[in-house]
Each structure stands twice: as structure tokens, then as C-alpha cells.
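S.K.: First the structure, then my questions, so here it is.
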Amino acid sequence: MPDTATAILIRKMEPGDREAVRQICWETGYGGDSIAPYFDDPALFADFFCSYYTDIAPGASFVAEDDGSVIGYLFGCPDTRRYSRVFYCKIIPALLGRALLGRYRIGRKTRRYIRQVIGSFFRGAYKTPPLDLYPAHLHINIAAGYRRAGLGHRLMKAYFAHLRAGGIRGLHLGTSSLHRSAQPFYRKLGFEVYSETKTNLEGKPNAALVWVKRLDQ
Ligand SMILES: CC(C)(COP(=O)(O)OP(=O)(O)OC[C@H]1O[C@@H](n2cnc3c(N)ncnc32)[C@H](O)[C@@H]1OP(=O)(O)O)[C@@H](O)C(=O)NCCC(=O)NCCS
């Protein structure tokens, strides 16, 4: 990393960034570390978590680029209602179709992970805040070695400006207490905890947290 993180460019995500952001998603998928010990197939993981932002509605996402390499991203979505429609009606059926055709490696690790995700979903671990107040959402991940240098802050500021320009009132995000660096980060950026629910991931008790922030106050 250069001495000053300001040498790193923050810009809108472009189609050519697709593979880099999918790779970072895989390498940061477990509390900032690689999800590889808990999941079998990088393509399935990235199709699940990235495809809405990279393939369907890329216009609100940003990346951090160091000397031509993407080293962090913020996936943004100003309209979470639209996201949910597309995710459940288009992305999940496409994933199931590919899984049935045997296009993914689905071993013991993946089956366990999916059971936990479905369990959290049905227990309502991640509460949806009022979408009239907080219609937008985001996911953010910076590659190891580039953290705590102001890049997350700069990606967030770019996203907030994009949302304010579109008249969006507020935003929310879901995370786990396993992402230890994320909690002070969101607090510093002016988010407040909307809900906190005890849950369990890979045998580790943790809290499912939903954070919210108004942009119109
Ligand atoms: C969380 C994350 C996005 C923050 O981005 P970042 O570039 O590292 O954070 P910044 O350097 O912009 O930090 C901004 C402020 O947030 C707070 N902060 C960030 N990381 C922190 C940490 N590890 N401990 C305490 N405070 C922290 C600080 O107040 C910091 O300001 P300061 O450095 O002037 O004190 C990044 O560290 C990351 O990707 N972590 C691993 C994956 C992850 O947890 N993603 C979020 C999933 S929900």
C-alpha cells in the first residue's frame, strides 16, 4: 500500500471490475477473512452475494483502485424493495437451476453454511427497518492490507453523495458481530443500531446486527 491512501482512486464500479470484486467478496466473506474454510465453491458464493450489484443494477456501486488493481468495493442499492423482488424471483431461481444442473460444487461445508443462512432467515435474525425511511442498503469490503487507511470512509462518502443526489432519505445494512472492525466503523460513519439478535455461525455465538442512517437530517 502506498504511504498515503489518497493515492488510491475511488470510482464507480465498471463491468471490468466483476472478477476482482467477486474475489474480494470470497476473501473477506467470514468476518473479513476468507470464507474458504466454510464454503466449497467461490462461484456459488459470489453469484449469491454479488450478482445483483455486478450484473443487474451496477449503477450505485463503487470501488477503490490501487495502481490498476481493485482492492475494495462498496455494493450499493438505493431501492431495497426492488432488490428483494429481483433476488427472490430471479437470482435464487437461477442459482437453484445451476445447482440442479451440477454447475456448482456443493459439499458438506456449503450444505452446512446454507442451513445456517436459511435458519437465520426463518428466525428473523436480520430485521428489515422501515424502508420508507431507509430504502437503500450496502455491503462493503476492503482487502486485507488496505484496511484502516481511510478507504472505507471514502467509499461511504461517495455512496452517501450518490444517494443524496438521488433524493434518498436513508440507508441500512446487515452485519455480524464477527466483523469486529465493522462495528466501530459504522458507528463512526453515523449509523445507529436498529436491531441486534443473538445467533450462531459455524459454532461461534454472535450477534446479527442491522444498522441504519438517515441522510435527510
Ligand atoms: C470495515 C471496513 C469496511 C472499514 O474500512 P476501512 O477502510 O478499514 O476503515 P477506515 O480506515 O475508513 O476507518 C474509518 C473509521 O472507522 C473506525 N474504524 C475502522 N476500522 C476500525 C477498527 N478495526 N477498529 C476500530 N475502529 C475502526 C475508525 O474510527 C476509523 O477512523 P480513524 O482511523 O480515523 O480512527 C474494512 O476494515 C473491512 O473491509 N473489514 C473487513 C471486512 C468487513 O468487516 N466488512 C464489513 C462487512 S459488514
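The values are calculated or read from the model by the stated rules, or taken from the named source; none is laboratory data. Because the structure is a prediction, the values reported are computed rather than measured. Here the Cβ is made from the backbone with ideal geometry for all residues, glycine too, and neighbour counts use every protein chain on show. To get the accessible areas, we keep the full protein, side chains included, count just its heavy atoms, and leave off ligands, DNA and RNA. Shrake-Rupley method; radii C 1.70, N 1.55, O 1.52, S 1.80 Å.
S.K.: Given the criteria surrounded by 14 or more Cβ atoms within 10 Å (Cβ to Cβ) and within 19 Å of HIS172 (Cβ to Cβ), does ASP41 qualify? Before the answer, list the steps.
M.R.: On the way: surrounded by 14 or more Cβ atoms within 10 Å (Cβ to Cβ): yes; within 19 Å of HIS172 (Cβ to Cβ): no.
Spelling it out, it is not the case that ASP41 is surrounded by 14 or more Cβ atoms within 10 Å (Cβ to Cβ) and within 19 Å of HIS172 (Cβ to Cβ).
S.K.: Among (1) open to solvent by less than 10 Å² (accessible area, probe 1.4 Å); (2) away from the ligand (no atom under 13 Å from the Cβ); (3) farther than 19 Å from CYS77 by Cα, which single condition is ALA136 missing?
M.R.: Condition not satisfied by ALA136: (3).
S.K.: Across segment 157-207, what is the number of residues that are of a type in the set (Lys, Arg), within 16 Å of the ligand (Cβ to nearest atom) and either buried (at least 19 other Cβ atoms within 10 Å of the Cβ) or in a strand (DSSP E or B) (or both)? So that I can check it myself, show each step before the final result.
M.R.: We begin by selecting, within segment 157-207, every residue of a type in the set (Lys, Arg); these are 157, 164, 169, 180, 187-188, 198, 204.
This time we only want the ones that are within 16 Å of the ligand (Cβ to nearest atom), so: 157, 180, 187-188, 204.
Of the ones still in play, those that are also either buried (at least 19 other Cβ atoms within 10 Å of the Cβ) or in a strand (DSSP E or B) (or both) are 204.
Qualifying residue count, segment 157-207: 1.
S.K.: In segment 148-198, what residues are among the aromatic types (Phe, Trp, Tyr) and under 14 Å from the mean Cα position of the chain (by Cα)? Before you say what the answer is, go through the steps one by one.
M.R.: Within segment 148-198, the first condition is being among the aromatic types (Phe, Trp, Tyr), and the residues that meet it are 159-160, 185-186, 191, 194.
Listed by number, the residues that qualify are TYR159, TYR186.
S.K.: Another one. Exactly one condition in (1) open to solvent by 70 Å² or more (accessible area, probe 1.4 Å); (2) more than 19 Å from HIS172 (Cα to Cα) is not met by VAL117; state its number.
M.R.: (1) is the only condition that VAL117 fails.
S.K.: Turning to a different aspect of this structure: If you go through segment 44-78 one residue at a time, how many are open to solvent by less than 40 Å² (accessible area, probe 1.4 Å) and assigned to a helix (DSSP H, G or I)?
M.R.: 10
S.K.: Further question on the same structure: With respect to the numbered conditions (1) over 25 Å from SER177 (Cβ atoms); (2) at pLDDT below 95, which one is the sole condition not fulfilled by GLY29?
M.R.: Condition not satisfied by GLY29: (1).
S.K.: Which residue out of ARG81, ARG85 is basic (Lys, Arg), more than 11 Å from the ligand (Cβ to nearest atom), touching a Leu at 6+ places or on another chain (Cβ under 8 Å) and in a helix (DSSP H, G or I)? Explain how you work it out, then say what you get.
M.R.: On the way: ARG85 fails: touching a Leu at 6+ places or on another chain (Cβ under 8 Å).
Of ARG81, ARG85, the one residue that is basic (Lys, Arg), more than 11 Å from the ligand (Cβ to nearest atom), touching a Leu at 6+ places or on another chain (Cβ under 8 Å) and in a helix (DSSP H, G or I) is ARG81.
S.K.: Which count do you get for residues in segment 145-182 that are in contact with a Leu (Cβ under 8 Å, 6 or more places away or on another chain) and basic (Lys, Arg)?
M.R.: Summing the residues that are in contact with a Leu (Cβ under 8 Å, 6 or more places away or on another chain) and basic (Lys, Arg) in segment 145-182 gives 2.
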